[in-house]
Each structure stands twice: as structure tokens, then as C-alpha cells.
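Below: one structure, written as C-alpha cells.
The values are calculated or read from the model by the stated rules, or taken from the named source; none is laboratory data. In this text the structure is predicted, and so the values were computed from the model without any measurement. Reconstructed Cβ throughout: ideal geometry from the backbone, glycine too, with neighbour counts over all protein chains shown. Remember, those area values only see protein heavy atoms, side chains included, never the ligands or the DNA or RNA. Shrake-Rupley method; radii C 1.70, N 1.55, O 1.52, S 1.80 Å.
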Amino acid sequence: MANIILDLITWYKYINEDLADRRSKDYFMVGTPWQGLTVIGLYLYFIFNLGPRLMEKRQPFKLNRILQIYNVFQILINGFLFYEALTQGWLGKYNYFCEPIDYSDTPHALLVTRLVWLYFMIKLLDLMDTIFCVLRKKQNQVTFLHVYHHVGVLIASWCAVKYLPGGHATFLGLLNTFVHVIMYTYYLLASMKIKTSAWKKYITQLQLVQFFLIACHYLQLIWVEDCGFPIWPVYIMVPQNLFMMLLFGDFYYKTYTKKKPEIKTMTKTEINGTFPEINGKPKEQ
């Protein structure tokens with residue numbers, strides 16, 4: 001038993017310390033996985049248990065002003081990260097087929113590391129999307145797709161800043177921040193009672209394209225020799241993004257493609273014949 005415990009401690013030290021990037025080990029919520037796991041646990045407990053119980057006998061909170069401030073902040077911070085991802089790498093500096101991580105202490109490498117950490121912080125903030133759903137008593141929006149997506153992206157972004165803060169992995173952040181600028185602009189307009197229902201379909205299409213491009217971007221690492229970027233993320237990110245395509249594709253089909261059952265409109269004669277008592281006629285025996 002003692003040997004098993006020692007092996008677990010050695011394994012944990014190897015995963016949490018030896019494999020980790022030394023530059024990000026002291027960043028907030030990056031040193032160990034326990035802080036992030038605690039946040040995820042509290043998040044799941046609130047949205048599935050505590051939150052619905054607290055709201056059961058209460059009226060939905062009207063959070064329009066808070067949501068507007070939140071959405072504006074999300075647009076600005078995601079827009080900032082999208083701009084930085086372009087100017088610091090993907091607008092001419094980085095190789096789209098394979099970009100190794102710069103583990104040096106140069107100003108540029110340290111800046112990219114901090115930007116990856118900031119992206120992780122935004123994914124923490126994104127959990128508020130679900131909290132707002134619960135407080136507004138929109139529990140029907142707390143679906144498996146919604147929760148799995150938020151938790152999955154949070155874990156992936158923590159792993160990025162812990163082990164892969166830069167290089168090839170930042171292409172995901174480039175696409176995702178762009179999509180979120182569009183998405184939170186839609187949410188902002190909706191909270192201002194501006195008609196934007198036509199956007200929903202195209203935002204889902206944009207998300208599907210995003211997952212496809214990310215999967216392809218990681219998949220090409222298999223054929224690139226001496227890339228300098230580890231191969232193991234391919235075996236996680238490709239299946240993950242294919243699974244997200246499946247989930248979002250299913251949502252898209254059920255919401256926008258699947259034919260709704262037709263509701264037949266009855267004529268006045270049919271109504272009188274079916275429900276004669278409506279017009280004061282005696283019910284047929």
C-alpha cells in the first residue's frame with residue numbers, strides 16, 4: 001500500500017511539476033489542478049442543485065443591465081485577445097502547418113504566455129453564462145451541450161497555460177475569441193431588445209466551422225516532421241473537436257433543419273362538428 005501511495009505521489013509530481021512550463025507555474029490558478037477542479041465542482045453543484053432550489057419559489061431575476069455590462073466586457077476582452085493573437089503570431093509570424101512553442105524568456109515569449117493565461121481567465125468568466133441562466137430561471141438552456149462545452153474549454157485552456165503556452169495551440173484561441181466577439185455581440189443586442197433572431201443560425205454554423213478548422217489544424221501535425229510541438233495534444237483535441245461537431249451538428253439539425261410537425265387548421269364546420277358544445281349545441285351521442 002505504501003508503495004502505491006509513493007507511486008501516486010511520484011506520478012503527480014511528474015505531471016504537475018516536471019512536465020509543466022516553469023514560466024507559468026506561479027500564475028493564478030495554474031500551480032495545481034485542485035483550484036480549478038474546486039471551481040468546476042462548485043459550478044456544477046450550483047447549476048444543477050443549489051441554484052434551482054434557491055430559485056424554485058422565486059421570480060426570475062431581471063438582469064438586463066448586468067448582462068449588457070457583462071456582454072460589453074466579453075466583446076472587448078475577446079476582441080483584445082483576437083487582435084493580440086493576430087499581431088503577435090498568426091498575422092505573418094507563425095507557421096499555420098506547425099508552430100513550435102518558444103519556451104525562452106524573451107519579451108515576446110513571455111507576452112504570449114501571459115496572453116494564454118488571460119484566455120484561461122476568460123474561460124473561467126464564461127461560466128457566468130450558465131449562472132445567469134439559472135438566476136433567470138431558464139434551466140432548459142442548461143443542457144449537456146452547454147455545460148460540457150464550458151467545462152471542456154476551461155480544462156483545455158488550463159492545460160494550455162500549464163503545459164503549452166504558445167505556438168500551435170494558440171490558433172484555437174484565435175478562432176475562439178473571434179467567434180465569441182460575434183456571439184456576445186448577439187447577446188448584447190438581444191438584451192437591448194434588438195431583433196437578432198436571424199443571427200442564431202449563422203452563429204451555430206460559425207461554431208461548427210471553428211471546430212472543423214481546429215481539428216484540421218491539429219491533425220496536420222501528424223504529417224509534419226520535426227515540428228517542435230508535442231504530438232500528444234492531437235490525440236485529445238481532434239476527437240474532442242469532432243465530438244463538439246457532432247453535438248453542435250445535432251443541435252443545428254433539431255433546431256433549424258428538422259421539419260416541425262404540421263398543425264392542421266380546422267374550419268368552422270369541423271370545429272362545430274367536433275366540439276358542438278362550443279356553440280351551445282347539444283353534445284351528440
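For residue 121, the solvent-accessible surface with a 1.4 Å probe is about 40 Å², rounded to the nearest 10. Among 62/254; 200/258; 57/137; 57/193, which pairs are too far apart, with a Cα-Cα distance over 18 Å? Listed pairs above 18 Å: 62/254; 57/193.
How do 199, 90 stack up against each other in accessible area, from largest to smallest, with a 1.4 angstrom probe?
Values: 199 95, 90 5 Å².
Correct descending sequence by accessible area is 199, 90.
What does the charge dipole of the chain about its Cα centre add up to, to the nearest 20 debye, if the Cβ of each Lys and Arg holds +1 and the Cβ of each Asp and Glu holds -1? Before the final figure, lay out the partial values.
On the way: 28 positive and 19 negative charges, 382 e Å.
Computed about the Cα centre, the dipole is about 1840 debye.
Stokes-Einstein diffusion for region 10-133 at 25 °C, viscosity 0.890 mPa s, with a Kirkwood radius from C-alpha pairs, works out to 139 µm²/s. Rolling a 1.4 Å probe over the protein heavy atoms of the chain, with every protein chain left in place, gives an accessible area that is 67 percent carbon and sulfur. Since only 213, 147, 223 are under comparison, the one whose Cα sits farthest along the positive direction of the charge dipole of region 139-265, derived from C-beta charges on Lys, Arg, Asp and Glu, is 147.
Average projection, convex hull of the Cα set of region 86-245: 10.3 square nanometres.
Might you tell me the accessible area per residue for the chain, computed with a 1.4 Å probe and given in Å²? Intermediate results must be reported in sequence, preceding the final value.
Details: 17440 Å² over 285 residues.
Spelled out: the 1.4 Å probe surface of the chain, per residue, equals 61 Å².
For P(r) over Cα pairs in 10 Å bins from 0, in percent, the value calculated from this model appears in (1) 7, 28, 32, 20, 11, 2; (2) 5, 22, 29, 20, 11, 5, 3, 3, 1, 0; (3) 7, 32, 39, 20, 2, 0 under label (2).
For a 4.7 Å threshold on C-beta separation, the list of partnerless cysteines in the chain reads 133, 159, 216.
Taken about its Cα centre, region 1-116 carries a charge dipole of about 780 debye when Lys and Arg each add +1 at the Cβ and Asp and Glu each add -1 at the Cβ.
The calculated Kirkwood hydrodynamic radius for region 44-104 is 15.8 Å, given to one decimal from all distinct C-alpha pairs. Counting only GluC sites (Glu not before Pro) that DSSP places in a loop and that have at most 11 other Cβ atoms within 10 Å, the longest clean stretch of the chain runs over 57-224. Residue 22 contributes an accessible area of around 130 Å² to the protein surface, as traced by a 1.4 Å probe with all chains present.
Sorted on the mean count of surrounding Cβ atoms within 10 Å across their residues, most packed first, peptides 154-164, 2-12 read 154-164, 2-12.
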